[in-house]
1. Considering the range 178-189 alone, what residues qualify as being without any contact (Cβ under 8 Å) to a residue 60 or more places away in the chain, surrounded by 18 or more Cβ atoms within 10 Å (Cβ to Cβ) and more than 20 Å from residue 222 (Cβ to Cβ)?
2. Which ranges mark the helices (runs of 4 or more DSSP H) fully within the range 251-339 that have 2 or more residues being under 30 Å from residue 217 (Cβ atoms)?
3. Name every residue in the range 222-248 that is more than 13 Å from residue 205 (Cα to Cα) and surrounded by 13 or more Cβ atoms within 10 Å (Cβ to Cβ), in order of residue number.
4. Just one of the numbered conditions (1) within 32 Å of the chain's Cα centre (by Cα); (2) in a strand (DSSP E or B); (3) within 17 Å of residue 119 (Cα to Cα) is not true of residue 143; which one?
5. Given the options 255, 210, 273, 219, name the one that is over 26 Å from residue 309 (Cα atoms) and surrounded by fewer than 19 Cβ atoms within 10 Å (Cβ to Cβ).
6. Residues that are outside any strand (DSSP E or B) and modelled with pLDDT of 95 or more: does the range 211-218 have at least one?
7. Which of the residues spanning the range 383-428 are more than 30 Å from residue 339 (Cα to Cα) and at pLDDT below 90?
8. Of everything in the range 170-202, what is over 18 Å from residue 125 (Cα atoms) and part of a loop (DSSP other than H, G, I, E, B)? Give them in sequence order.
């Protein structure tokens with residue numbers, strides 16, 4: 001009997017005899033696939049180490065091989081047999097979930113207390129833990145014709161604590177502790193839909209007059225439904241990426257049936273359902289806003305964009321900035337006003353932009369504004385392709401107002417004459 005010589009430790013090539021293949025029955029593990037082939041665990045062993053014995057019986061305990069600091073045993077396993085991190089694949093762009101995420105404080109009503117909410121002329125009243133039964137505790141929902149009535153039009157009971165409540169002239173929406181969304185017709189109390197389920201407790205609930213319902217969960221996921229159409233508008237849209245620098249959500253509302261999110265550091269975001277992304281409307285942390293943000297105080301504080309930009313700096317900085325910095329800020333204000341459909345602010349920031357262009361240029365930007373307002377010259381083309389109003393403002397009136405500003409500037413007389421003639425041709 002001849003013994004095979006032991007290969008040198010300097011040899012790094014592993015021969016076919018050094019590989020031990022162990023077949024594992026696919027029925028012995030819950031992680032195996034439905035393929036008829038059996039899974040294989042391939043173990044590459046080093047010849048200068050004792051062989052590790054593997055027992056493949058169903059009730060045997062498989063021990064890991066010994067590993068020292070100098071030589072390690074290499075194990076090649078099929079994909080899918082080991083899960084290192086749990087990925088939240090339903091939410092695109094989310095980071096791996098390695099712990100429970102609680103980023104928002106959930107809404108909650110006090111148990112045993114009666115909470116009333118006025119909806120139009122009617123009053124909706126919630127009483128949590130109003131009655132105990134053998135199976136648990138009930139909550140009651142009452143609706144009255146007005147705030148002075150003592151006899152409800154209708155009442156209904158829920159088997160869970162009501163966290164928050166909203167309503168309009170058509171429906172009443174109640175979010176409960178069991179993560180259900182309950183929708184009732186406000187006139188009769190009949191259920192408009194079976195209970196809708198979300199993944200966690202609600203941190204914000206908003207209902208528009210057009211029956212668009214927006215819910216933000218405490219884990220930072222946003223849902224939106226249209227109860228009139230009976231369809232989902234938004235599903236599990238994450239706000240987690242917006243909550244940087246320890247910012248928290250101050251409010252979550254609907255403006256023109258579009259989700260609007262404001263944060264504690266002054267940032268404001270609008271979710272564009274067509275583009276399926278967030279749009280930044282206000283950012284006091286941006287250096288350009290800090291340099292030019294004092295101009296935002298030039299409008300009334302109760303207008304939509306001005307309300308969002310309350311945390312903009314109120315004083316000018318004594319820095320010499322390029323003219324383009326101010327122009328960039330003005331154009332962002334025009335775009336934000338248009339997105340918020342605020343006609344008053346749109347007109348204000350458009351005229352401010354024109355005044356800046358008349359002082360600093362460039363001419364191409366001014367021409368772009370005039371071309372957008374004048375549209376096609378011929379009346380037939382105008383009526384078929386162009387609207388005569390923008391955000392409720394007449395384009396002709398805006399154009400005449402801008403041309404009046406241009407007429408007062410001597411270097412721009414050629415441009416004034418050119419567009420005045422086009423205006424007369426287009427509207428004559």
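The values are calculated or read from the model by the stated rules, or taken from the named source; none is laboratory data. As the structure is a prediction and not an experimental result, all values here were calculated from the model. Glycine also receives a Cβ, built like all others from the backbone with ideal geometry; neighbour counts cover every protein chain displayed.
1. If the condition is that a residue be without any contact (Cβ under 8 Å) to a residue 60 or more places away in the chain, surrounded by 18 or more Cβ atoms within 10 Å (Cβ to Cβ) and more than 20 Å from residue 222 (Cβ to Cβ), then 184 is the only one that fits.
2. Working: elements: 287-292, 304-308, 323-339.
Output list reads 304-308, 323-339.
3. Correct list: 226, 227, 233, 234, 236, 237, 238, 239, 240, 242, 243, 247.
4. So residue 143 meets the others, but not (1).
5. Details: 255 fails: over 26 Å from residue 309 (Cα atoms); 273 fails: over 26 Å from residue 309 (Cα atoms); 219 fails: surrounded by fewer than 19 Cβ atoms within 10 Å (Cβ to Cβ).
Result of the check over 255, 210, 273, 219: 210.
6. Filtering the range 211-218 for residues outside any strand (DSSP E or B) gives 211, 218.
Subset that is modelled with pLDDT of 95 or more: 211.
Yes, there is a match, as at least one residue in the range 211-218 is outside any strand (DSSP E or B) and modelled with pLDDT of 95 or more.
7. Answer for the range 383-428, where residues must be more than 30 Å from residue 339 (Cα to Cα) and at pLDDT below 90: 424, 425, 428.
8. If we filter the range 170-202 for residues that are over 18 Å from residue 125 (Cα atoms), which is where we start, we get 178-180, 192-202.
Those that are over 18 Å from residue 125 (Cα atoms) and part of a loop (DSSP other than H, G, I, E, B): 178, 179, 192, 193, 194, 195, 198, 199, 200, 201.
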